[in-house]
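First the structure, in the form of structure tokens, and then the observations on it.
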Amino acid sequence: SEKWKALLAIRYDDYLNRSYFLISGSEYFDSSKAHAFVPKIGLVYQPLQSVSVYGSYAEGFQPQYSNSRASGGPFPPLKARQVEAGFKAEIFQKRLVPTLTWYLIKEINVLKPDPSDATGVRQVTTGEVTSRGIEITLTGNLTKQWNMLANYAHNKIFISKSTVAGEKGTGFGDTPSDAFSLWTTYQLNGKLKGLKAGAGYRQATKRSVYGLELPGYSVWDALLSYQYNKIGLAVNAFNLANKRYAIGSFGSSYYFPGAPGSMQVSINYNW
């Protein structure tokens, strides 16, 4: 109807992956196969034309990236159930768009490092992992020249079911409990028309991954661009302070480092 919208969908996945490895003269074969029906249901209510309230339920399905016996496989596919609710609005003559989302995700057959393997290569599945949190986003134009995008997310992820004594309720994964980002640009006018300046800030709290401590971090980025008729020139600077930080980890084996200080220059032509 005019105020109600509904979505009902179902997808069928059939997955097959075969891999071949030659390591130190030895051959290794790996295969992964899975299939599933994946449903999704959504409902949106619009009490006003500028306000939407929604709720949804979805199931997820993802084959494991490896079923190698050397890594502890074969593993059953990762399966998930997600419930989400939130609202979206347009305020101040549609210049700003705030959104608020609440979610609850439960996953089974999530892989984790085998605690009995000191090398960190072998993996095992955990019973159930739950993730719940909120996400707030504000995007739009503060003025005709000033644009911004701000985002805050609070997330708690923990083991909700386990066959290992004392593991239930403990933290899981390398997702920070709190993350904040801000990106803003300003378009100049007058004699400097076509010139745009921008700045960005990203922050994440510390987290512990299988006993491996990943410290929190904050990073600044910047942009300077100029558009003349159909030709544009842009200079992006990332991680201005050249800060060393980790964005994630592979189990308890090693860190994934964040990108160091860098610069990107691009030229575009529109026709």
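The values are calculated or read from the model by the stated rules, or taken from the named source; none is laboratory data. From a predicted model like this one, the values you see are computed outputs, not experimental measurements. Cβ: placed from backbone, ideal geometry, glycine included. Neighbour counts: every protein chain shown. Side chains included, ligands, DNA and RNA excluded: accessible areas come from the protein's heavy atoms. Shrake-Rupley method; radii C 1.70, N 1.55, O 1.52, S 1.80 Å.
Here is a yes/no grid of residues against (1) open to solvent by less than 80 Å² (accessible area, probe 1.4 Å); (2) at pLDDT 80 or above; (3) touching a helix residue (DSSP H, G or I) at 6+ places or on another chain (Cβ under 7 Å):
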residue: 42; (1), (2), (3): yes, yes, no
residue: 65; (1), (2), (3): no, no, no
residue: 70; (1), (2), (3): yes, no, no
residue: 73; (1), (2), (3): yes, no, no
residue: 126; (1), (2), (3): yes, yes, no
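Only one of the numbered conditions (1) surrounded by fewer than 16 Cβ atoms within 10 Å (Cβ to Cβ); (2) within 27 Å of residue 99 (Cα to Cα) is not met by residue 207, and that is (1). Is there a residue in the stretch 84-94 that is of a type outside the set (Asp, Glu), modelled with pLDDT of 85 or more, farther than 23 Å from residue 51 by Cα and in contact with a Phe, Trp or Tyr (Cβ under 9 Å, 6 or more places away or on another chain)? For the stretch 84-94, residues of a type outside the set (Asp, Glu), modelled with pLDDT of 85 or more, farther than 23 Å from residue 51 by Cα and in contact with a Phe, Trp or Tyr (Cβ under 9 Å, 6 or more places away or on another chain): absent.
So that you can scan it fast, the table gives a plain yes or no per residue for (1) within 29 Å of residue 235 (Cα to Cα); (2) β-branched (Val, Ile, Thr); (3) touching a His at 6+ places or on another chain (Cβ under 7 Å):
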| position | (1), (2), (3) |
| --- | --- |
| 96 | yes, no, no |
| 106 | no, no, no |
| 124 | no, yes, no |
| 143 | yes, yes, no |
| 172 | no, no, no |
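Tell me, yes or no, whether the stretch 20-37 has at least one residue that is modelled with pLDDT under 85, in a loop (DSSP other than H, G, I, E, B) and surrounded by 13 or more Cβ atoms within 10 Å (Cβ to Cβ). No, that holds for no residue.
Do the conditions hold for residue 104, that is, is it within 23 Å of the chain's Cα centre (by Cα) and within 25 Å of residue 165 (Cα to Cα)? In short, yes.
Hey, among the residues in the stretch 170-186 that are in contact with a Phe, Trp or Tyr (Cβ under 8 Å, 6 or more places away or on another chain) and more than 17 Å from residue 137 (Cα to Cα), which one's modelled with the highest pLDDT? So the residue we want is 186.
Scanning the stretch 236-258 for residues that are open to solvent by less than 60 Å² (accessible area, probe 1.4 Å) and either more than 15 Å from residue 201 (Cβ to Cβ) or touching a helix residue (DSSP H, G or I) at 6+ places or on another chain (Cβ under 9 Å) (or both), we see that the one that is modelled with the highest pLDDT is 246.
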